[in-house]
1. For segment 77-84, does any single residue satisfy the condition of being at pLDDT 80 or above and assigned to a loop (DSSP other than H, G, I, E, B)?
2. Run Cys45 past the list (1) on the phi > 0 side of the Ramachandran plot; (2) at pLDDT below 90 and report the number of the one that doesn't hold.
3. Quick one: how many residues across segment 48-81 are open to solvent by 50 Å² or more (accessible area, probe 1.4 Å), under 27 Å from Arg5 (Cβ atoms) and of a type outside the set (Gly, Ala, Ser)?
4. For the subset of segment 25-46 comprising residues that are within 17 Å of the chain's Cα centre (by Cα) and loosely packed, with under 11 Cβ neighbours inside 10 Å, which member is nearest to Phe12 (Cα to Cα)?
5. For segment 3-17, name all the residues that are among the hydrophobic types (A, V, I, L, M, F, W, C) and in contact (Cβ under 8 Å) with a residue 24 or more places away in the chain.
6. Would you confirm whether or not segment 4-14 contains a residue that is aliphatic (A, V, I, L, M) and open to solvent by 60 Å² or more (accessible area, probe 1.4 Å)?
Amino acid sequence: MERQRCEGCRWFLRYTGQTIGQCRRYPPTQNTDAGWLEVDQFDWCGEYTDSNTTSEEAKRRELVRQFALAIVASDAAEDLMVHQVWQRAAEFADYEGQV
């Protein structure tokens with residue numbers, strides 16, 4: 001499987017005419033000169049989000065992740081298989097979006 005690199009991530013802000021840029025996934029930190037983490041377009045991480053992902057899609061994915069973590073942390077997870085946890089989390093996220 002090919003890694004999803006920074007160059008295709010919605011959080012990557014490329015410097016004009018360069019292969020490096022800033023990762024804008026999290027707020028700037030004080031331990032870098034520019035404040036934002038500087039990355040190369042060929043870098044990768046576990047926070048990748050496709051640059052074509054809309055804000056609504058990103059919010060729903062985050063909501064699904066939060067529900068899945070809550071299910072795993074609860075006693076309800078004992079009777080569920082892994083794919084069922086994600087399915088149930090997606091159902092909760094869909095319901096939350098309708099309310």
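1. Applying the first criterion (at pLDDT 80 or above) to segment 77-84 yields 84.
If we keep only those that are assigned to a loop (DSSP other than H, G, I, E, B) as well, we get none.
No - not one qualifying residue is present in segment 77-84.
2. (1)
3. Residues flagged as open to solvent by 50 Å² or more (accessible area, probe 1.4 Å), under 27 Å from Arg5 (Cβ atoms) and of a type outside the set (Gly, Ala, Ser) within segment 48-81 amount to 13.
4. Within segment 25-46, the match that is nearest to Phe12 (Cα to Cα) is Tyr26.
5. Residues of segment 3-17 that are among the hydrophobic types (A, V, I, L, M, F, W, C), as a first pass: 6, 9, 11-13.
Cys6, Cys9, Trp11, Phe12, listed by residue number.
6. Restricting attention to segment 4-14, the residues satisfying the condition of being aliphatic (A, V, I, L, M) are 13.
Those left that are additionally open to solvent by 60 Å² or more (accessible area, probe 1.4 Å): 13.
Looking through segment 4-14, at least one residue is aliphatic (A, V, I, L, M) and open to solvent by 60 Å² or more (accessible area, probe 1.4 Å).
Per-residue answers, yes or no, for (1) more than 30 Å from Gly8 (Cβ to Cβ); (2) under 18 Å from the mean Cα position of the chain (by Cα):
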{"position": "Ala58", "(1), (2)": "no, yes"}
{"position": "Val72", "(1), (2)": "no, no"}
{"position": "Asp75", "(1), (2)": "yes, no"}
{"position": "Leu80", "(1), (2)": "yes, no"}
{"position": "His83", "(1), (2)": "no, no"}
{"position": "Ala89", "(1), (2)": "no, yes"}
{"position": "Phe92", "(1), (2)": "no, no"}
{"position": "Tyr95", "(1), (2)": "yes, no"}
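The values are calculated or read from the model by the stated rules, or taken from the named source; none is laboratory data. Bear in mind the structure is a predicted one, so any value in this text is a computation, not a measurement. Here Cβ is always computed from backbone atoms with ideal geometry, including for glycine, and neighbour counts include all displayed protein chains. Quick note on the areas: whole protein, heavy atoms, side chains included, nothing else; ligands and nucleic acids left out. Shrake-Rupley method; radii C 1.70, N 1.55, O 1.52, S 1.80 Å.
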